[in-house]
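Visitor: Sharing a structure here in structure tokens format.
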Amino acid sequence: MTIRDVYVVDAVRTPIGKFGGALSSVRPDDLAAHVVRALVDRTPELDPARIDDVVLGAANGAGEDNRDVARMAALLAGLPVTVPGVTVNRLCGSGLEAVIQAARAVALGDASIVVAGGVESMSRAPWVLQKPERAFPAGHQQLHSTTLGWRMTNPAMPAEWTVPLGEGAELIADKHAITREAQDAFALESHRKAARAWSEGLYDAEVVPYAGVELVRDECVRDNTSLEALGRLRPSFRKEGAGTVTAGNASPLNDGAAALLLVDEEGLRATGREPLARIRTSAVTGIEPQLFGLGPVEAVRRALAKAGRGFADLTTFELNEAFAAQSLGCLAEWPELDPAVVNPRGGAIAIGHPLGASGARLAGSVAHQLAAAGSGTGLAALCIGVGQGLALVLER
């Protein structure tokens, strides 16, 4: 079997909205439809009927993103009804998983042109009510928030596996002796880099604002934050004096969508465009659930090894910043990596982390950065709740 080259023709995303912010009035299926439509509009030579599939990641699926949000997005975007859609869920890695699965289909010849990406509206994630064990219970019933984290947990799961995500970040801070000061400094740098990238127009090529919403840049970026301001925030998961993880050195709750157009050689000719980058290899790994934040460590090593590359070859590396402690823990386990290539345009602590969309945002950002550089090797990676890591290597 011949393995085909897979090209990223284009990548777009919405500005990332804050929880309850500018995008909270927009349904997730509409957010997804927006980025799908934007890809088609930016590639006028492409006949939309030639799109073989739409693959989207979504971490929730309990609200307006139910009923296969990828198919809903394709229909709402005005694609022909002959264009199918499938939704995948690898929690925080869902958007990148969608890109990887779509790239695999193209590489194997099962598809020629695929739209891949992800979406999440954490603002609109519903509360859910479990069905009672028997009809007409007399007592009160409990609603569960589906915004983030564990709910309706299986009692067979060991208690140490099901700690809150922030406590998992605290465990990594303990493991690597990462101080509160180091985490706050990392968070501050994320905001500074993101603010600088926006002021220099570095996101202009990929961000497509949602019509009718007054949001043209990522809503959580704080241009004027400081170490003093970050230092005044109280720990969120452990008592004062024992905790280091705060709302300031963790990614916020967010809304947004991202999508990439992936093609083979024939599909590339159909678009009439020069590709941004080429997809090389990917890897997924597992780790103890409570140490989920270190999931990318081995996934990154495996993906690079499969590509025949090392850390010294990287032009850029988009590492999702779920927590500063988690990111710093990963960096501590890659001593050969130059930190200067990591998140040069800011990371999720500043930009935001709409769960199902983040992986696609990272992959798209890497593709645009490689195109701007003219050549090089790029990497996108995320930690994933319940203990997984996911990584993708791109080249130009």
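The values are calculated or read from the model by the stated rules, or taken from the named source; none is laboratory data. As the structure is a prediction and not an experimental result, all values here were calculated from the model. Reconstructed Cβ throughout: ideal geometry from the backbone, glycine too, with neighbour counts over all protein chains shown. Each accessible area value is taken on the protein alone, full model and side chains, heavy atoms only, with ligands, DNA and RNA left out. Shrake-Rupley method; radii C 1.70, N 1.55, O 1.52, S 1.80 Å.
Visitor: If A257 passes every condition in (1) within 30 Å of P158 (Cα to Cα); (2) at pLDDT 95 or above but one, which one does it miss?
Guide: A257 satisfies every listed condition except (1).
Visitor: Right, something else. Would you check which residues across the stretch 182-211 are part of a loop (DSSP other than H, G, I, E, B) and either over 18 Å from A363 (Cβ atoms) or open to solvent by less than 50 Å² (accessible area, probe 1.4 Å) (or both) and list them?
Guide: Answer for the stretch 182-211, where residues must be part of a loop (DSSP other than H, G, I, E, B) and either over 18 Å from A363 (Cβ atoms) or open to solvent by less than 50 Å² (accessible area, probe 1.4 Å) (or both): E200, G201, Y203, D204, E206, V208, P209, Y210, A211.
Visitor: Looking at this structure, is G149 at pLDDT below 95 and either small (G, A, S) or under 24 Å from T285 (Cβ atoms) (or both)?
Guide: So G149 fits the description; yes.
Visitor: State the number of residues belonging to the stretch 375-396 that are within 26 Å of G21 (Cβ to Cβ) and surrounded by fewer than 24 Cβ atoms within 10 Å (Cβ to Cβ).
Guide: Count: 1.
Visitor: While we're here: Can you spot a residue in the stretch 146-166 that is under 25 Å from Q388 (Cβ atoms), within 19 Å of the chain's Cα centre (by Cα) and either assigned to a helix (DSSP H, G or I) or of a type in the set (K, R) (or both)?
Guide: Yes; the residues of the stretch 146-166 include at least one that is under 25 Å from Q388 (Cβ atoms), within 19 Å of the chain's Cα centre (by Cα) and either assigned to a helix (DSSP H, G or I) or of a type in the set (K, R) (or both).
Visitor: Can I ask one more? Within the stretch 212-234, take every residue that is touching a helix residue (DSSP H, G or I) at 6+ places or on another chain (Cβ under 8 Å) and assigned to a loop (DSSP other than H, G, I, E, B) and give me the one that is most open to solvent (accessible area, probe 1.4 Å).
Guide: R222
Visitor: Which count do you get for residues in the stretch 254-266 that are open to solvent by 10 Å² or more (accessible area, probe 1.4 Å) and either in a strand (DSSP E or B) or of a type in the set (S, T, N, Q) (or both)?
Guide: 0
Visitor: Something else now. With the stretch 267-374 as the region, which helices (runs of 4 or more DSSP H) entirely inside it contain at least 2 residues that are out of contact with any strand residue (DSSP E or B) (no Cβ under 8 Å at 6 or more places or on another chain) and open to solvent by less than 10 Å² (accessible area, probe 1.4 Å)?
Guide: Fully inside the stretch 267-374 and qualifying: 324-332, 348-351.
Visitor: Given the options T82, T2, name the one that is in contact with a helix residue (DSSP H, G or I) (Cβ under 7 Å, 6 or more places away or on another chain) and polar (S, T, N, Q).
Guide: Going through T82, T2 in turn, the sole match is T82.
Visitor: Is it the case that the stretch 318-329 has a residue that's in contact with a Pro (Cβ under 7 Å, 6 or more places away or on another chain) and of a type in the set (A, V, I, L, M, F, W, C)?
Guide: The answer is yes; a qualifying residue exists.
Visitor: Would you check which residues across the stretch 114-145 are of a type in the set (A, V, I, L, M, F, W, C) and either open to solvent by 60 Å² or more (accessible area, probe 1.4 Å) or part of a loop (DSSP other than H, G, I, E, B) (or both) and list them?
Guide: M122, A125, W127, L129, A135, F136, A138, L143
Visitor: Within the stretch 289-302, is there a residue that is of a type in the set (K, R) and under 29 Å from G166 (Cβ atoms)?
Guide: Looking for residues that are of a type in the set (K, R) and under 29 Å from G166 (Cβ atoms), one finds at least one in the stretch 289-302, hence yes.
Visitor: Turning to a different aspect of this structure: Please indicate, with yes or no, whether at least one residue in the stretch 155-168 is surrounded by 11 or more Cβ atoms within 10 Å (Cβ to Cβ) and in contact with a Ser or Thr (Cβ under 7 Å, 6 or more places away or on another chain).
Guide: For the stretch 155-168, residues surrounded by 11 or more Cβ atoms within 10 Å (Cβ to Cβ) and in contact with a Ser or Thr (Cβ under 7 Å, 6 or more places away or on another chain): present.
Visitor: Consider the stretch 52-86. How many of its residues are more than 21 Å from the chain's Cα centre (by Cα), farther than 23 Å from R124 by Cα and open to solvent by less than 50 Å² (accessible area, probe 1.4 Å)?
Guide: Total satisfying the criteria: 3.
Visitor: Another one. For residues that are in contact (Cβ under 8 Å) with a residue 60 or more places away in the chain and open to solvent by 30 Å² or more (accessible area, probe 1.4 Å), scanning just the stretch 31-51, find the one that is nearest to A259 (Cα to Cα).
Guide: If we take residues in the stretch 31-51 being in contact (Cβ under 8 Å) with a residue 60 or more places away in the chain and open to solvent by 30 Å² or more (accessible area, probe 1.4 Å), then H34 is nearest to A259 (Cα to Cα).
Visitor: While we're looking at this one, here's another question. Cβ contacts < 6 Å: first residue under 30 Å from V54 (Cβ atoms), restricted to the stretch 115-134; second residue open to solvent by 80 Å² or more (accessible area, probe 1.4 Å) and in a loop (DSSP other than H, G, I, E, B), any location; separation 6+ or different chain. Result?
Guide: That search, which allows pairs on different chains as well, returns M122/F19; S123/F19.
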